[in-house]
Amino acid sequence: MIYPKFYIGPMSKNVVDAIIEFCDETDNQIGFIPSRRQIEWDGGYVNNWTTEQFSKYTKMKLVLKRDHAGPGQGYNDDNGYKSLEEDCKFFNLIHIDPWKKYSKYQEGLQWTIDMINFCYNLNSSITYEIGTEEAIRRFEPKELNQLVIDLYNSLPTKIFKQIKYLVIQSGTSLKENTNTGEYDKGRLLSMVNVAKHWGLISKEHNGDYIPSELIKEKMSLGLDSINIAPEFGLIETQTYINNGINLDKFWKICYNSKRWEKWVGSDFDPFTQKEELIKICGHYILSNPEFLDIKPNIDLQIKSNIKEKLYELHR
């Protein structure tokens, strides 16, 4: 199996198509990391695709990894197992992440063990990513190492060997359209060393809105791969803004969706910061029939702008 350096959120059909085209044109490999809200067994906000439909559209092209599988990670406060059943049929990799709902170590550990066993019994070829991003639950290097030790001691060897990725943390966090974290080089090195000790691939989340030079530095220090998602949604949204879309109608659709609320602080004013709200929320409503009524025919320009960012990353 191929393990790409870059994993990108399928923020829209244009993003998906641009990435597929880029990989065909360059022979680079990129992984898709759909969240449960984006792509789900009963449909998500990205092109209304179900897990099966998205898989059939993309699977022959790229690596598919479920991002943040687990309880409370979808729109409903569920245990996540229905979603996992479909993921095991159609995805290559699954990120097991119960930590949003179960942040206490022993609870999160037990859920990780149970969910990996559940998936293995459905599809023994599935591989796994463990841990979570700093914005969900902070880990220290010693505790992260203990997580791997406990999984090693709790899982049969053949199942433990299916764990391939370890989420490492070096300070990244997202708010609005900004990476608000503070990069900690020492923290990154310590966590990368945990991954290397266990022969795991280190992966950081929230690689959005940071200079490509910083990503290059992190990888030169041993980081193997990184997730980028909302930034690609913003590229598409900004292209609409730059090409004369009706901003008042665009804002109203975004505002009514309420998808922007989780990303902003208490001082955010949606009525005076209309364009900022659109930039935060735009990618959520691209499959909304109301948006399709005002959508300009600029898909080629959008895909070109997305591929420009992909070339920048791979250079």
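Per the conditions (1) at positive phi; (2) touching a Gly at 6+ places or on another chain (Cβ under 9 Å), the sole criterion not satisfied by ASN47 is (2). Residues in region 265-290 that are acidic (Asp, Glu) and part of a helix (DSSP H, G or I) were compared, and the one that is nearest to LYS13 (Cα to Cα) is GLU290. Contact map, region 255-275: residues that are under 18 Å from ILE285 (Cα atoms) paired with residues that are surrounded by 17 or more Cβ atoms within 10 Å (Cβ to Cβ) and modelled with pLDDT under 90, Cβ distance under 7 Å, separation 6+ or inter-chain. Pairs shown: TRP263/GLU176; VAL264/GLU176. When region 216-259 is filtered for residues that are surrounded by fewer than 18 Cβ atoms within 10 Å (Cβ to Cβ), out of contact with any helix residue (DSSP H, G or I) (no Cβ under 8 Å at 6 or more places or on another chain) and small (Gly, Ala, Ser), the ones remaining, listed by number, are SER220, GLY244.
If you check LYS262, LYS249, which single one turns out to be farther than 30 Å from LYS65 by Cβ and outside any loop (DSSP other than H, G, I, E, B)? Step through it out loud before you land on a result.
Values: LYS262 fails: farther than 30 Å from LYS65 by Cβ.
One residue alone meets the criteria, LYS249.
Against the conditions (1) of a type in the set (A, V, I, L, M); (2) assigned to a helix (DSSP H, G or I); (3) at pLDDT 95 or above; (4) assigned by TED's automatic domain parsing to the domain that holds GLY186, LEU214 satisfies every one except (3). Identify, from the list ASN242, ASN206, ASN246, the residue that is touching a strand residue (DSSP E or B) at 6+ places or on another chain (Cβ under 8 Å) and closer than 30 Å to LYS295 by Cα. Checking each option against the conditions leaves just ASN206. Taking the criterion of being aromatic (Phe, Trp, Tyr) and crowded, with 16+ Cβ neighbours inside 10 Å, the residues of region 269-307 that qualify are TYR284, PHE291. For region 145-167, the candidate set comprises residues that are of a type in the set (Lys, Arg) and either in a helix (DSSP H, G or I) or touching a residue at least 60 places away in the same chain (Cβ under 8 Å) (or both); within that set, the residue that is nearest to TYR128 (Cα to Cα) is LYS164. Of all positions in region 146-163, none carries a residue that is of a type outside the set (A, V, I, L, M) and either within 18 Å of the chain's Cα centre (by Cα) or modelled with pLDDT under 95 (or both). Do we find a residue being among the basic types (Lys, Arg), modelled with pLDDT under 95 and not assigned by TED's automatic domain parsing to the domain that holds SER173 anywhere in region 241-260? Checked against the condition, which is being among the basic types (Lys, Arg), modelled with pLDDT under 95 and not assigned by TED's automatic domain parsing to the domain that holds SER173, region 241-260 yields at least one hit.
Considering only residues of region 40-58 that are touching a helix residue (DSSP H, G or I) at 6+ places or on another chain (Cβ under 9 Å) and exposed (fewer than 15 other Cβ atoms within 10 Å of the Cβ), which is nearest to PHE6 (Cα to Cα)?
The initial filter retains those residues of region 40-58 that are touching a helix residue (DSSP H, G or I) at 6+ places or on another chain (Cβ under 9 Å), namely 40-47, 49-52, 54-58.
Now narrow it down to the ones that are exposed (fewer than 15 other Cβ atoms within 10 Å of the Cβ): 42, 52, 56.
On the way: ASP42: 27, GLU52: 23, LYS56: 21 Å.
The selected residue is LYS56.
For the condition within 21 Å of LYS100 (Cβ to Cβ) and within 17 Å of the chain's Cα centre (by Cα), what is the one hit in LYS65, LYS13? Steps first, please.
Working: LYS13 fails: within 21 Å of LYS100 (Cβ to Cβ).
The conditions single out LYS65.
Answer yes or no as to whether SER83 is buried (at least 21 other Cβ atoms within 10 Å of the Cβ), touching a Lys or Arg at 6+ places or on another chain (Cβ under 6 Å), within 21 Å of SER12 (Cα to Cα) and of a type outside the set (Asp, Glu).
Details: buried (at least 21 other Cβ atoms within 10 Å of the Cβ): yes; touching a Lys or Arg at 6+ places or on another chain (Cβ under 6 Å): yes; within 21 Å of SER12 (Cα to Cα): yes; of a type outside the set (Asp, Glu): yes.
Considered against the rule, which asks whether it is buried (at least 21 other Cβ atoms within 10 Å of the Cβ), touching a Lys or Arg at 6+ places or on another chain (Cβ under 6 Å), within 21 Å of SER12 (Cα to Cα) and of a type outside the set (Asp, Glu), SER83 comes out as yes.
The values are calculated or read from the model by the stated rules, or taken from the named source; none is laboratory data. Here the structure is a predicted model, which is why all the values come from computation and not from measurement. Don't worry about glycine lacking a Cβ; one is built from the backbone with ideal geometry, like all the others, and counts go over all protein chains shown.
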